[in-house]
1. Using a 1.4 angstrom probe on the protein heavy atoms only, line up R3, R42, R91 by accessible area, largest first.
2. Among (1) 1.24; (2) 0.98; (3) 1.03, which one is Cα Rg over 2.2 N^0.38 Å computed from these coordinates?
3. Just to confirm a number: summing +1 for Lys and Arg and -1 for Asp and Glu over residues other than A76 whose beta-carbon lies under 13 angstrom from that of A76, what do you get?
4. Are there GluC sites (Glu not before Pro) in region 30-118 that DSSP puts in a loop and that have at most 11 other Cβ atoms within 10 Å, and which ones?
5. Want the number for A113 to I72: 0.36 nm per residue separation, take away the alpha-carbon distance, what's left?
6. If I stretch the segment between E88 and T38 completely, what's the gain in nm (0.36 nm per residue apart, minus their alpha carbon distance), one decimal?
7. Of all accessible surface on region 1-85 at a 1.4 Å probe, what whole percent is carbon and sulfur?
8. Assuming 0.36 nm per residue, please report the length gained on full extension of the stretch S80 to S24 beyond their Cα-Cα distance.
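The values are calculated or read from the model by the stated rules, or taken from the named source; none is laboratory data. Keep in mind the model is a prediction, meaning the values are calculated, not measured. A quick note on method: Cβ atoms are made from the backbone with ideal geometry, for glycine too, and the neighbour counts reach across all protein chains shown. Surface accessibility is based on the protein's heavy atoms, side chains included, excluding ligands, DNA and RNA. Shrake-Rupley method; radii C 1.70, N 1.55, O 1.52, S 1.80 Å.
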Amino acid sequence: MERFRIAGEARLDGAVEVAGAKNSVLKLMAAALLAEGTTTLRQVPGILDVTFMAQLLDTLGCEVTVDGELGIATIAVPGSVGHQCDYELVRKLRASISVLGPLLARCGQAEVALPGGD
């Protein structure tokens, strides 16, 4: 891993390429619930958990499209979202608990079963 030292008062400018990761993308998908509008995530890994989270967000009223080949997920969040999560989806995805905070913040209430898994 390369390390760089930044010294002085120079303005930083540039871009950093960040690899996609399951553990972050599922939380970012859930965080999209916090704001009405469209969120686009890039470098989304093509894994089943992403599909399950997309389905869960769909049941809450969002429109989610995932392009596995391009690694892009688009989440359109309406002005009003549901607060009850489908148990059959929650039990398949431990990360489904990540929607609890955004739903509480957005709706003032949330019904999310304890997820399955180890």
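1. R3, R42, R91
2. (1)
3. -3
4. E69
5. Separation in residues times 0.36 nm, less the Cα-Cα distance, equals 11.9 nm.
6. Result for the pair: 15.4 nm of gain on full extension.
7. 51 percent
8. The S80-S24 span can extend by a further 17.7 nm.
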